[in-house]
Amino acid sequence: MTSKKRIRSWEITSESNYLNRRDFLRGSGIALGGALAATALPRVAEARPPELETVAWPGSTDEAPNSWEDITTYNNFYEFGTAKEDPYRNAQDFVTRPWTVRVSGECDRPGDYDYEDIVNPHTLEDRVYRHRCVEAWSMVVPWVGFPLGDLLKRFEPNSNAKYVAFKTLYDPARMPGQRRPVLRWPYREGLTIEEAMHPLTILSVGVYGREMPNQKGAPIRLVVPWKYGFKGIKSIVEIEFTRRRPRTSWNLSAPREYGFYSNVNPEVDHPRWSQARERRIGAGLFAPKQPTLMFNGYGEEVAHLYAGLDLRKNY
Amino acid sequence: MKAKHVRFLKVPVFGLSLVPLAILVVEILGLWGLSLGTNPVEALIHFTGTWGLNFLLITLAVTPLRRLTGQAWLVRFRRMFGLFAFFYLALHFLSYAGIDQRFALGFILEDIAERPYITLGFAAFLMLSALALTSTRDMVRRLGPRWKKLHRLVYPAAILGVWHYYWLVKADLLEPLLYAAGLALLLGMRAWWRWRQRRAAPSSSPA
């Protein structure tokens, strides 16, 4: 099934987004010299990435996805700077081909795999997921991807593989944010093998039916919709099957604030802010916050993974 | 500088101090293609907080600047800058309490009690409110020597304000540390001068 003629789920609701896009482009075309206007985004030469061949996925949320602009100009990707619009500004020239992922650890088929080796055998699905940041804002993102588990099985993990560890590219020449020690580079993340094999966990290679914009973690990133966004490691170059729980970047930075699991949980507050409610991006200046759902609303599918685990201690 | 010149100069300084507000209004109204960006609530809170801190540091720079340059008239701008600091911080607090929390008192009180950076910020705001309320000429006269003592609260308020910023940042501490360095310089100069003054006149015990 090709994507060219099929109506994608977001296209039904995209008219207002499309109009907003026109406003946005018109607006950002007006040059503003003053450094005072910290929030005005200068126009960056941006070509939309090419379209991908995708199929529909029946499990998508029917909530309206955020606009392309929301999704691609408000990003936490510290490798390109710590302000939300920095990745949009600084990642436009990031070159993501060729791209190699090193697979290692407790599996029978370790090795270096090209992007094409990783992605081509899989059918790409349009999966619209809720996305909840640990900073108490949220979006709805139409990802393109495939189940991580389908890929991991190809590497034939053995019975010692209890966890899967991931690393982002470390290349300060190409990722200017890595020139300052804001986090311990390279960024690293991890999942239990059960979490990694869960059908909701995907490797994503695009949004809105197009290849992944650089500022969003190109060319290949993790998406775990029931966890806080920072678990979704971007620009992955290493996948390792491990016996022991891997260390993760934000946990190394502030262990009291960011646990290994980092499941979305409205009852366990971050020490510095409440997780009970979230601000939906795109709702406007005067919109109220909305209640945060346990496991970001994916509890029916994933709660069993944590049966018997004290989620207050294992945050 | 003569008094009438100072009065004349106050007009453009007042106008310049309103520029951040003007930018904010333009961005809220979405004029000329400007906007508060993708997360307008966060942008509003950060913008007003940043300008509150900026004016607080400008206010604290007046006395050292006067001393270094010998231009005594500078002090006549101090109250205006202090009130602009309070003005932007009042907008900061109202943006948080009114627009972010929609005046939900339960959530606001929980934040003040349980989120340390909000506790600090709120304490600083209360202190500066007391200073703003007693900033009139009439209050200066009525409070007499106690006025000066009361208005030394600006030092702990500024420290708590910068600390508030430091504690809210997740990992990139560069900007809060720059504010901390600026504040340390301004307070350090005062401490140094005081120490030298005491050493120079050890016998001048208070009556």
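Values in this text are rule-based calculations from the coordinates and carry no lab data. Please read all numbers here as calculations on a predicted model, not as lab measurements. Here Cβ is always computed from backbone atoms with ideal geometry, including for glycine, and neighbour counts include all displayed protein chains.
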Taking 2.2 N^0.38 Å as the expected size of a compact globular protein, what ratio does the Cα radius of gyration of segment A:253-315 give against it, to two decimals? 1.25
Taking H placed 1.01 Å from N in the peptide plane, check which residues at least 5 places from A:TYR187 or on another chain put their amide H under 5 Å from its amide H. A:THR168
Compactness of the protein assembly as shown - radius of gyration and Dmax, Cα, Å: 26.7, 94
How would you rank B:151-162, B:189-200, highest first, on the average number of other Cβ atoms within 10 Å across their residues? B:151-162, B:189-200
Between B:TYR166 and B:LEU185, what is the label-to-label distance in nm when each label sits 7 Å out along the Cα-to-Cβ direction? 1.7 nm
Helix axis angle, B:105-114 relative to chain B longest principal axis, alpha carbon, degrees: 60 degrees
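Among the listed pairs A:LYS84/A:LYS162; A:LYS162/A:LYS289; A:LYS216/B:LYS170, which have their C-alpha atoms separated by more than 29 angstrom in this model? Could you put the intermediate results ahead of the total?
Numbers: A:LYS84/A:LYS162 34 Å; A:LYS162/A:LYS289 38 Å; A:LYS216/B:LYS170 20 Å.
Distance filter (> 29 Å) returns A:LYS84/A:LYS162; A:LYS162/A:LYS289.
Check each of the trypsin sites (Lys or Arg not before Pro) in segment B:1-96 and keep only those in coil by DSSP with at most 12 other C-beta atoms within 10 angstrom; list them in order.
Working: sites: B:LYS2, B:LYS4, B:ARG7, B:LYS10, B:ARG66, B:ARG67, B:ARG76, B:ARG78, B:ARG79; in loops: B:LYS2.
Here the trypsin sites (Lys or Arg not before Pro) that fit, given the DSSP loop and packing criteria, are B:LYS2.
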What fraction, in whole percent, of alpha-carbon pairs in segment A:172-263 exceed 16 Å separation? 59 percent
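With r defined as the distance between the Cβ atoms of B:ILE159 and A:MET294 and R0 fixed at 35 Å, what FRET efficiency is calculated, to the nearest 0.05?
Values: r = 40 Å, r/R0 = 1.13.
Efficiency at R0 = 35 Å is approximately 0.30.
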Cα centre as origin, Lys/Arg/Asp/Glu Cβ charges: chain B dipole, Debye: 1920 debye
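As a check on your grasp of the helix formula, calculate [θ] at 222 nm for the protein assembly as shown: sum -39500 (n - 2.57) over DSSP H runs of n ≥ 4, divide by the residue count, round to the nearest 500.
Details: 18 runs with 208 residues, N = 522.
So the helix-based figure for the protein assembly as shown works out to -12000 deg cm²/dmol.
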Alpha carbon convex hull of segment B:153-199, projected area averaged over orientations, nm²: 3.5 nm²
Distance in nm between A:ARG243 and B:LEU9 label points, each 7 Å along Cα→Cβ, equals 7.5 nm
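Hand me the trypsin sites (Lys or Arg not before Pro) from segment A:249-315 located in a DSSP loop with no more than 12 other Cβ atoms within 10 Å, in residue order please. Before the final figure, lay out each step's value.
Details: sites: A:ARG256, A:ARG272, A:ARG277, A:ARG279, A:ARG280, A:LYS289, A:ARG312, A:LYS313; in loops: A:ARG256, A:ARG272, A:LYS289, A:ARG312, A:LYS313.
Counting only loop positions with at most 12 other Cβ atoms within 10 Å, the trypsin sites (Lys or Arg not before Pro) in segment A:249-315 are A:ARG256, A:ARG312, A:LYS313.
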With springs only between Cα atoms under 10 Å apart, run a GNM on chain B and tell me which of B:LEU143, B:LEU168, B:LEU60 wobbles the most. B:LEU143
Charge dipole of segment A:62-113 built from unit charges on the beta carbon (Lys, Arg +1; Asp, Glu -1), centred at mean Cα; most positive-end Cα among A:ALA91, A:TRP68, A:VAL103 is A:VAL103
Per the Kirkwood treatment, what hydrodynamic radius in Å, one decimal, follows for segment B:3-176 from the mean inverse distance over all distinct Cα pairs? 17.6 Å
Could you tell me the distance between the Cα centroids of segment B:105-127 and segment A:195-219, to the nearest Å? 39 Å
Low-density loop cleavage sites - trypsin sites (Lys or Arg not before Pro) in segment A:163-216, where at most 12 other Cβ are within 10 Å (DSSP): A:ARG184
Relative contact order in percent for chain A (Cα pairs under 8 Å, 6+ apart) equals 18 percent
Between the Cα axis of helix B:19-29 and the main Cα principal axis of chain B, the angle (0 to 90°, nearest 10) is 10 degrees
Shape descriptors of segment B:129-207 over alpha-carbon atoms, Rg and Dmax in angstrom, are 16.9, 51
What are the residues whose amide H is under 5 Å from the amide H of A:GLY81, where those residues sit 5 or more places off or on another chain and H is modelled from the backbone? A:GLY177
What angle, in degrees between 0 and 90 and rounded to the nearest 10, separates the Cα long axis of helix B:78-94 from the longest principal axis of the Cα atoms of chain B? 20 degrees
Dipole of chain B, positive direction: furthest Cα of B:LEU65, B:ALA97, B:THR119, with charges on the beta-carbon: B:LEU65
